[in-house]
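Quick note: the coordinates plus some simple rules give every number you see, no bench work behind them. Since the model is a prediction, treat every value here as computed from it, not as a measurement. Cβ sites come from the backbone with ideal geometry, for glycine too, and all protein chains shown count toward neighbours.
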Amino acid sequence: MKKQKYVIGNWKMYKTLSEGLSFVDEMTKLLLDVDRTKVIFCPPYTALFEMKKQLNGTTCELGAQNCHWENSGAFTGEVSCSMLSELGVQYVILGHSERRHCFGEKDEWINKKIQALLAYKLVPIFCIGETLEEMESGSTKDVLEHQIESGLRDISNVGNVIVAYEPVWAIGTGLNADSIQIERVHKFIRKKIEKLYSIRESENVSILYGGSVNPQNVESLILTQGVDGFLIGGASLKTESFYHIIKTVEQYS
Ligand code: 13P
C-alpha cells in the first residue's frame with residue numbers, strides 16, 4: 001500500500017487569529033477534492049482553538065509549533081501536551097532549527113517532549129538538520145546521527161513519529177537541497193532508524209523534507225525517492241503557493 005503523503009504548513013510567528021481564519025476558510029474550500037494528501041496547518045498558539053473549530057468537518061488537521069514536556073507547573077510562557085490535546089491538536093513540531101538556534105532548545109528537551117507527546121497520543125514532527133558549516137565540513141551524517149539518537153532515546157513506538165529533514169541552510173533562503181542530496185540523506189535517516197529499531201518500523205516512519213519548498217521545485221522534490229511529503233514555511237502563508245504545492249503532491253500520491 002502507498003504511504004500517505006503529508007504537506008504541513010509551519011506558519012512560524014505569522015498570521016493573527018483573524019488572518020489565520022480567513023486563510024483557512026479559503027484553503028479548505030479549495031481543498032475539497034484533496035483526499036490522498038494529509039494537509040496540516042501549524043499556526044501560532046493564539047489561533048489553535050478557533051482554527052480547530054473551523055477545521056472540523058474538513059480533512060485538514062491541526063498542529064502546534066512547540067510544547068513543554070511537563071503536564072503542568074511553574075513554567076511561565078510554556079504550553080503542555082495536555083493543553084494542546086484538549087484543544088484537538090493532533091501534531092506538534094519539535095526541534096525546529098529556529099527553536100534549536102534562537103531559543104537554545106537542547107536534544108534532551110526534544111527527547112522529553114517526544115516522550116510526552118506520545119503519551120498523549122499526539123504525533124511529534126521531529127525536525128533534524130545540519131547547518132551550512134556542518135554541511136561544508138562534511139559532517140552532515142554525524143550531526144543527523146546524533147540528533148536522531150538523542151531525540152529518539154528510550155522511544156519505543158517510533159512508527160508514531162514523523163521525521164522532518166530540514167537543512168538549516170535551506171530554511172527561508174530560497175536554496176533548497178536538491179533531489180540527489182535529499183535522496184541520500186533520507187536513505188541515511190531511514191537506515192539509522194532501521195538500526196535503532198527494525199526494517200519494518202523504519203519503513204513505517206514518514207520522512208518529510210523542509211527548506212525553501214515552493215511551487216517551482218515541488219514537482220521534482222516529490223518525485224525524489226524516500227520523500228513522504230513536506231514541511232513548508234514561507235510558501236504555506238499564501239493561498240496560491242500552498243494550494244499549488246498541495247495539488248502537486250496530491251497528483252503524485
Ligand atoms: P521555508 O519553507 O520558508 O524555507 O521554511 C521551512 C521551515 O522552516 C518549515 O519548518
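With each label modelled as a point 7 angstrom along the Cα→C-beta vector, the Gln225-Leu17 pair spans 4.9 nm. Radius of gyration (Cα atoms) of the chain, expressed as a multiple of 2.2 N^0.38 Å: 0.94. Spatially, segment 89-167 and segment 1-25 are offset by 20 Å when compared through their Cα centroids. So which lysines pass the test for Lys247, namely a Cα distance under 27 Å, with those fewer than 8 places away in the same chain ruled out? Result set, ordered by chain and number: Lys2, Lys3, Lys5, Lys12, Lys15, Lys29, Lys38, Lys52, Lys53, Lys187, Lys238. Between Ser150 and Arg36, the contour length at 0.36 nm per residue exceeds the alpha carbon distance by 37.8 nm.
For the chain, the share of DSSP beta bridges that are antiparallel, to the nearest 5, is 0%. Of the options Thr239, Trp169, Val227, report the single residue whose Cα projects farthest towards the positive end of the charge dipole of the chain (beta-carbon charges: Lys, Arg +1; Asp, Glu -1). After comparing all options, I get Val227. Residue-wise HN-Hα couplings along segment 211-224, as the Karplus relation 6.51 cos²θ - 1.76 cosθ + 1.60 with θ = phi - 60° gives them from phi, are x, 6, 6, 8, x, 6, 9, 4, 5, 5, 6, 6, 7, 6 Hz; Gly and Pro carry x.
Straightening the chain between Asp142 and Gln251 buys 35.7 nm, computed as 0.36 nm per residue apart minus the Cα-Cα spacing. Please name which of Ala64, Pro44, Leu31 has its Cα lying farthest along the dipole of segment 26-81 towards the positive end, using unit charges on Cβ (Lys, Arg +1; Asp, Glu -1) and the Cα centre as origin. Comparing the listed Cα positions along the dipole, Leu31 ranks first.
Peptides 228-241, 102-115 ordered by packing proxy, namely the average of other Cβ atoms within 10 Å per residue, highest first: 228-241, 102-115.
Here the simple spin-label model places points 7 Å from the Cα toward Cβ, and for Gln216 and Glu50 these points are separated by 3.5 nm. The charge dipole of the chain, taken about the Cα centre with unit charges on the Cβ atoms of Lys, Arg (+1) and Asp, Glu (-1), comes to about 520 debye, rounded to the nearest 20. For the pair Ala74 and Ala119, a Förster radius of 30 Å applied to the C-beta separation gives a FRET efficiency near 0.90, rounded to the nearest 0.05. With both labels modelled 7 Å from their Cα along Cα-to-Cβ, the Ser198 to Phe103 distance reads 3.6 nm. Near the amide H of Ser80, within less than 5 Å, lie the amide hydrogens of His68, all on another chain or at least 5 residues away, with H placed in the peptide plane. In the chain, helices alone account for a calculated mean residue ellipticity at 222 nm of -13000 deg cm²/dmol, with every DSSP H run of four or more residues adding -39,500 (n - 2.57). Computed over segment 65-107, the quotient of the alpha carbon radius of gyration and 2.2 N^0.38 Å is 1.19. For the peptides 24-32, 200-208, the ranking by mean Cβ contacts within 10 Å, running from highest to lowest, is 200-208, 24-32. For segment 14-119, report the translational diffusion coefficient in µm²/s to the nearest whole number, using Stokes-Einstein at 20 °C, 1.002 mPa s, and a Kirkwood Rh over Cα pairs. Here the translational diffusion coefficient equals 145 µm²/s.
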